[in-house]
Amino acid sequence: MGLTTTLSSALSGLRATQSGLELVANNVANAQTPGYTRKALGMEVSLSGNSTTGVRVTDVQREIDIYLQRQIRTETAGAGYADARASMLDRLQRLFGAPGADGSMDSFVNSFGASLDALVTSPESSAARTDVIANAQLLAQSLNQISNQVQQLRSDANSALSDLTFNANNLLQNLASIQDKLGNSVTSGTAHADLLDQRDATLTQLAEIMDIQVISRENDQISVYTTTGISLYEAGRPAQLVFDKEVSVSPETLYSRDPETRSIGTIVIKNGAGEEIDLLGPNGVKSGQMRAYGEMRDETLVEAQNQVDELAASLAEAFGSRTVSDTDGSDGFDIDLKGLQRGDTANISFTQGGRTYNVTLINSANPASTNITNALTASPNDIVIGVNFDPSDLAGTAAAINAALAGHADLPADVPTVTLGGTAQNPSLTATTSGSATVTGVSADITVTALTNDGLEVPLFVDAGRNNQVYTGNVDGIPQRLGFAGRIAVNPAVVKDPSSLVIYQTTPSTTPYPAETTAESAFDYAALTPGDTFTFQLSGGSAVTLTSGTDFTDQATFLAALNTALGTDGTASFDALNALSIELTSTTRTLTLSGEVAEAVGIDGTSEPWVPTLDSDTARPKFLRDAFEAAGRLFRPDTGIGGTTPFSGSISAFARSIVETQGRNFEFAARIAEGQSVVLTSLRDRFAETSGVDIDQEMAKLLQLQTAYAANARVMTAVKDLMDQLLAI
């Protein structure tokens, strides 16, 4: 090697060392820069023919672990999903409160139940009545607020999806710009490596939004897909994401895979064939923030709305719906349908071929409506059929029912025969065994509208959003149950007249007592209660009337009061022998008479049995309390309470389960998010160890470069001295 070659080698060493010094300086300067990876020089021997002429810098290399980087992207999507979901669920569970805590939803339910207990104890107390109304209003307002806030959370999730669409498009455009620069031959060395860092940072941000997979191509080109194979970036062309519908979010705005029935926006992307792909659909994104907000808006929060809607509907139905049934069948299975409204139901149970079938007929103006499904009832075994009940055409309605039963795919060939009788004002339904189908019972759930003179039921809660209509579960148009929690209110008529919580009868009946004069006659006092008027006429004597205050639920008290009124003369008196029995049930009070006294007894048929209910009457308060506490109520499974089977329990138990479920859901999501954070942090730490800048390592490298630089300079000095000596000869 001549001096010239030696000098050239030393110069190349200086140049390489200078490049190394620049790279160390750049590494140190960017040690804390997010996404920056440590760079190292690629060098090789410089050859000229068969001779070595020094060293040549080939490129700037990034020190990264590709496998670890791929894991980080996967876990970044998981963390984005878990964090977004936990944050939303935290806000949701705060709406319901902690179980039993002041201000929680179930605390309002419990307070309402306690006020019903107090009303049973003191039905005549105006304070007890007012307390029931006040607690009912607080409960309704609590449901209103929760419903409104659930929809606000859905609106926030909807806005987040719109923002994520915008952000994803920006990131894909940035990716295209970076890839364009990488393909430009002008960029090389450190600039090229830094562009690769920027690309990786962009991909990491995109991974937080959605799950992605990156395929490397030649010349640092890449393709980006979702994990389900939807192209996001290919051959220099970024996909365009579109949030297709901006709407005001409400309980009625729901997601559907069918664009024709979907009433809320989704994120669509066009593939190479020009077809639109729904990224929130089953073949769309599977993780990341986009998936989390989509699930919250369209599944989790919809389920939460179903929970409070079911609670509100159960409150209205428990107090305002009357069940009439016939399971005896001794004189045919028939029920009274008086007062049947849109949304009310009739039920027919029958057996065939060893299997039991339960059919629910729902009164609807549009029997073919898609709103009518088997999911309308809480029972998983019900077959729901829509019926346009027309009281002016009972025969036509019956024919439509029979046709629907005979043509239903889920029913056997032999089905009961249904007939409708009575009048338009007082219709009735009869189900008759037909073929091998044996009827076992019929029933109907009919909503009452009046506060009095229609039984113990009372429409305590109404639909304020529909002009204070009673709640029937009407499925025509927008189903009444949908969003009912946001509209439930205490009936203004009850607020105006708190006595209606106790007084249920104010109008006398027009049906007189029948006269009974035969021995061993049975007289039915089915409709009579304490305070009603009983008039007895003994032969040859004056009429005797028992008035308010007589306890007809106790035989001894009844006889004592009657004997006092008659006068105990030894011959014209009732006693335990004369009164063979007094049958007392919730619906029947029958006095059976016999003996010499009975033969001489006539019962006046002119008095009217119904008189206004006493202020101290406990019948309606007990009904309200018992309906509230009934433990066998079924709640629909679309609430998610009880899993896929209906939750069975009281209203208060259902409310408590809702609150507990929301709390558990958040706790589980928070643990998932915490675990995901630990995994991602661990991966990032490992990546930083292998690909990040280590200051100590860079300082050691700096010392090596300083030494190399000095050595190369010393070689150049030596060559200069030798050349000077040579020239001096």
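Inspection of the stretch 227-236 finds no residue satisfying the criterion of being assigned to a helix (DSSP H, G or I), closer than 23 Å to residue 71 by Cβ and touching a helix residue (DSSP H, G or I) at 6+ places or on another chain (Cβ under 6 Å).
Report those strands (runs of 3 or more DSSP E) wholly inside the stretch 315-363 carrying at least 2 residues which are under 17 Å from residue 462 (Cα atoms) and in contact (Cβ under 8 Å) with a residue 40 or more places away in the chain. Once the strands (runs of 3 or more DSSP E) in the stretch 315-363 are filtered for at least 2 residues that are under 17 Å from residue 462 (Cα atoms) and in contact (Cβ under 8 Å) with a residue 40 or more places away in the chain, what remains is 321-326. The set of residues in the stretch 103-121 being more than 12 Å from residue 139 (Cα to Cα) and among the β-branched types (Val, Ile, Thr) consists of 120, 121. Screening residue 684 with (1) surrounded by 15 or more Cβ atoms within 10 Å (Cβ to Cβ); (2) closer than 30 Å to residue 65 by Cβ; (3) in contact with a Lys or Arg (Cβ under 9 Å, 6 or more places away or on another chain) gives one miss only, at (3).
For residue 2, the conditions (1) surrounded by 17 or more Cβ atoms within 10 Å (Cβ to Cβ); (2) over 24 Å from residue 690 (Cα atoms) are fulfilled apart from (1).
Taking the options 686, 671, name whichever one is over 23 Å from residue 139 (Cβ atoms), within 22 Å of the chain's Cα centre (by Cα) and among the charged types (D, E, K, R). I'd like the intermediate steps shown before the answer.
Values: 686 fails: within 22 Å of the chain's Cα centre (by Cα).
The unique qualifying residue is 671.
Among the residues of the stretch 624-652, those identified as in contact with a Phe, Trp or Tyr (Cβ under 8 Å, 6 or more places away or on another chain) and in a helix (DSSP H, G or I) are 624, 627, 628, 637, 639, 651, 652.
Go through the stretch 258-275 residue by residue and tally those that are closer than 23 Å to residue 212 by Cβ and surrounded by fewer than 13 Cβ atoms within 10 Å (Cβ to Cβ). Let's see the steps before the verdict.
So the first thing to find is which residues in the stretch 258-275 are closer than 23 Å to residue 212 by Cβ, and the list is 265-275.
Next, from what is left, pick out any that are surrounded by fewer than 13 Cβ atoms within 10 Å (Cβ to Cβ): 271-275.
The qualifying residues number 5.
Among the residues of the stretch 417-448, those that are within 18 Å of residue 389 (Cα to Cα) and not in a strand (DSSP E or B) comprise 423, 424, 425, 426, 448.
Looking only at the stretch 468-487, filter to residues that are in a loop (DSSP other than H, G, I, E, B) and either in contact with a His (Cβ under 6 Å, 6 or more places away or on another chain) or without any contact (Cβ under 8 Å) to a residue 60 or more places away in the chain (or both); which one of those is farthest from residue 313 (Cα to Cα)? Full working, then the answer.
Pass one, the stretch 468-487, residues in a loop (DSSP other than H, G, I, E, B): 468, 471-483, 487.
Adding the requirement that they be either in contact with a His (Cβ under 6 Å, 6 or more places away or on another chain) or without any contact (Cβ under 8 Å) to a residue 60 or more places away in the chain (or both) leaves 468, 477.
Values: 468: 14, 477: 17 Å.
In this case the residue turns out to be 477.
In the set (1) free of Cβ contacts under 8 Å to residues at least 40 places away in the same chain; (2) surrounded by 19 or more Cβ atoms within 10 Å (Cβ to Cβ); (3) within 31 Å of the chain's Cα centre (by Cα), residue 465 fails one condition alone, (2).
Looking across the stretch 101-121 at every residue that is without any contact (Cβ under 8 Å) to a residue 12 or more places away in the chain and under 11 Å from residue 659 (Cα atoms), the one that is surrounded by the fewest Cβ atoms within 10 Å (Cβ to Cβ) is identified as 101. Of all residues in the stretch 150-189, those being under 25 Å from residue 294 (Cβ atoms) and not aliphatic (A, V, I, L, M) number 16. If a residue must be surrounded by 16 or more Cβ atoms within 10 Å (Cβ to Cβ), hydroxyl-bearing (Ser, Thr, Tyr) and over 60 Å from the mean Cα position of the chain (by Cα), how many such residues does the stretch 44-77 contain? Number satisfying all stated conditions: 2.
Assessment of the stretch 171-185 against the conditions (surrounded by fewer than 14 Cβ atoms within 10 Å (Cβ to Cβ) and over 15 Å from residue 236 (Cα atoms)) yields at least one matching residue.
Looking at 712, 665 in this structure, which one is at pLDDT 95 or above and either loosely packed, with under 15 Cβ neighbours inside 10 Å or touching a Leu at 6+ places or on another chain (Cβ under 8 Å) (or both)?
Numbers: 712 fails: at pLDDT 95 or above.
On inspection, the qualifying residue turns out to be 665.
For the stretch 1-13, filtering for residues that are more than 10 Å from residue 54 (Cα to Cα) and either touching a residue at least 60 places away in the same chain (Cβ under 8 Å) or not in a helix (DSSP H, G or I) (or both) leaves 3. The C-beta contact set for the stretch 695-708 (first residue in the same structural domain as residue 29 (by TED's automatic domain parsing), second residue in a helix (DSSP H, G or I) and of a type in the set (Phe, Trp, Tyr), distance under 9 angstrom, 6+ apart or interchain) is empty.
So, in the stretch 14-57, of the ones that are in a strand (DSSP E or B) and of a type in the set (Lys, Arg), which residue ends up farthest from residue 197 (Cα to Cα)? It comes out as 56. Considering the stretch 429-448, the residues that are crowded, with 17+ Cβ neighbours inside 10 Å and of a type in the set (Ser, Thr, Tyr) include one that is nearest to residue 392 (Cα to Cα), namely 430. Determine whether the stretch 404-413 contains at least one residue that is within 17 Å of residue 325 (Cβ to Cβ), outside any loop (DSSP other than H, G, I, E, B) and aliphatic (A, V, I, L, M). Checked the stretch 404-413: no residue is within 17 Å of residue 325 (Cβ to Cβ), outside any loop (DSSP other than H, G, I, E, B) and aliphatic (A, V, I, L, M).
The number of residues in the stretch 186-234 that are closer than 21 Å to residue 282 by Cα, of a type in the set (Gly, Ala, Ser) and either crowded, with 16+ Cβ neighbours inside 10 Å or touching a residue at least 60 places away in the same chain (Cβ under 8 Å) (or both) comes to 2.
Among the residues in the stretch 333-340, are any under 24 Å from the mean Cα position of the chain (by Cα) and either surrounded by fewer than 22 Cβ atoms within 10 Å (Cβ to Cβ) or outside the structural domain of residue 251 (by TED's automatic domain parsing) (or both)? No; the residues of the stretch 333-340 include none that is under 24 Å from the mean Cα position of the chain (by Cα) and either surrounded by fewer than 22 Cβ atoms within 10 Å (Cβ to Cβ) or outside the structural domain of residue 251 (by TED's automatic domain parsing) (or both).
If only residues of the stretch 88-106 that are assigned to a loop (DSSP other than H, G, I, E, B) and closer than 29 Å to residue 289 by Cα are counted, the one that is farthest from the chain's Cα centre (by Cα) is 98.
Scanning the stretch 279-311 for residues that are outside any helix (DSSP H, G or I) and either farther than 20 Å from residue 248 by Cβ or within 9 Å of the chain's Cα centre (by Cα) (or both) yields 279, 281, 282, 283, 284, 285, 286, 287.
Of the residues that make up the stretch 393-403, is at least one among the charged types (D, E, K, R) and either more than 23 Å from residue 637 (Cα to Cα) or not in a loop (DSSP other than H, G, I, E, B) (or both)? Show your work before the answer.
Residues of the stretch 393-403 among the charged types (D, E, K, R): 393.
Add one more test, that the residue is either more than 23 Å from residue 637 (Cα to Cα) or not in a loop (DSSP other than H, G, I, E, B) (or both), and what stays is 393.
Yes, there is a match, as at least one residue in the stretch 393-403 is among the charged types (D, E, K, R) and either more than 23 Å from residue 637 (Cα to Cα) or not in a loop (DSSP other than H, G, I, E, B) (or both).
Quick one: what pairs do we get from the stretch 400-422, first residue under 14 Å from residue 439 (Cα atoms), second modelled with pLDDT of 95 or more and of a type in the set (Phe, Trp, Tyr), C-beta under 6 Å, 6+ apart or different chains? Note: pairs meeting the criteria are 416/350. Each residue in the stretch 127-166 was checked for being surrounded by fewer than 16 Cβ atoms within 10 Å (Cβ to Cβ) and touching a Pro at 6+ places or on another chain (Cβ under 8 Å), and 1 of them qualify.
The values are calculated or read from the model by the stated rules, or taken from the named source; none is laboratory data. On a predicted model such as this, the values are computed, not experimentally measured, just so you know. All Cβ positions, glycine included, derive from the backbone under ideal geometry; neighbour counts span all protein chains shown.
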